[in-house]
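Reviewing the structure listed below.
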Amino acid sequence: MLVYVYAAAAWPEVAEDLGLRALTLKGSISEAKEAISHSIPKGTTLTVMPDIPGVQCNPPSYRFRWLEDWHLAEFRVKADTGIRTDAIRGVVRIYLESLLVAEIEVTAQKEAIPVMAFAAASPQPQQKETHATGKVYRKIFVSYAHKDTPVVEQLEKAYRALGDDYLRDVKKLRSGEVWSEALEQMIADADLFQLCWSDHAKGSRYVEQEWRSALKRSDKSFIRPVYWEKPMPALPAELQHLHVAFLGEA
């Protein structure tokens, strides 16, 4: 499996590299899918992490500093015994430090080599956005216990550097610890629900109200929990199916 992360202007070089590889790779190449993502500051650390149930990826993740105009992460993949090729479904996620900035769906095709392509900057106005099947997170609702505000403020700096609208309720609608319909509407309108999970959050009935509201959304990747305490405080049963990222590690 090939995963390209590139600046929009470098797409011709990426396409040329892919074309050359197509001449030597065994099997056909599935259609490249371009996911328009954030403008990533040069020098930051990115991690490419496949999450494909029933499939082993080697390496399990690919971590690099964003210094060149494009980078290639190459994974050897092997399906577990008994897994039907047509049943393989998963995602490839891109993290900036510990923050999820993009993801794209992976669907296995018989005798085909999957290729993902993530643009790390928006295309120029005259360029056409094609194959934009990945998600770009812009409006981010952050659910947290107020005792964890210092940690949340660090997250806010990282998200704002990416140009995201960080909908931290303490700056918008919440007065003290009062739940409001307007707050619930913000959750409904958000592109991503960032759950900052801790012992404080686990004991907060307001945080619980927020994640229960977020569960009303049908988006599989809407709720994104992160944690920083080890061992991680146990998640409620309703959230245990979610991938949880450790802050500082993608």
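Brief remarks on what is shown
- Members of the stretch 237-246 found to be part of a loop (DSSP other than H, G, I, E, B) and of a type in the set (F, W, Y), listed by number: none
- Being surrounded by fewer than 13 Cβ atoms within 10 Å (Cβ to Cβ), of a type in the set (V, I, T) and modelled with pLDDT under 85 is not true of T107.
- Residue check for S213: over 20 Å from L155 (Cα atoms), hydroxyl-bearing (S, T, Y) and part of a helix (DSSP H, G or I): yes
- Residue in the stretch 44-54 that is nearest to K157 (Cα to Cα), counting only those that are touching a residue at least 40 places away in the same chain (Cβ under 8 Å) and out of contact with any Cys (no Cβ under 6 Å at 6 or more places or on another chain): T44
- Of the numbered criteria (1) at pLDDT 90 or above; (2) in contact with a Leu (Cβ under 8 Å, 6 or more places away or on another chain), the one V244 fails is (1).
- Scope the stretch 176-207; condition among the aliphatic types (A, V, I, L, M) and at pLDDT below 85; matching residues: V178, A182, L183
- Residue check: A234 meets all listed conditions (1) modelled with pLDDT of 90 or more; (2) of a type in the set (G, A, S); (3) part of a loop (DSSP other than H, G, I, E, B); (4) buried (at least 18 other Cβ atoms within 10 Å of the Cβ) but one, namely (4).
- Restricting the stretch 48-63 to residues that are within 16 Å of the chain's Cα centre (by Cα), assigned to a strand (DSSP E or B) and not charged (D, E, K, R) leaves a set whose member that is modelled with the highest pLDDT is Y62.
- Verdict on D148 being at pLDDT 75 or above, touching a His at 6+ places or on another chain (Cβ under 9 Å) and surrounded by 13 or more Cβ atoms within 10 Å (Cβ to Cβ): yes
The values are calculated or read from the model by the stated rules, or taken from the named source; none is laboratory data. Bear in mind that the values here come from a model prediction, so they are computed numbers and not experimental data. Note: ideal-geometry Cβ built from the backbone for every residue, glycine included; neighbour counts use all protein chains shown.
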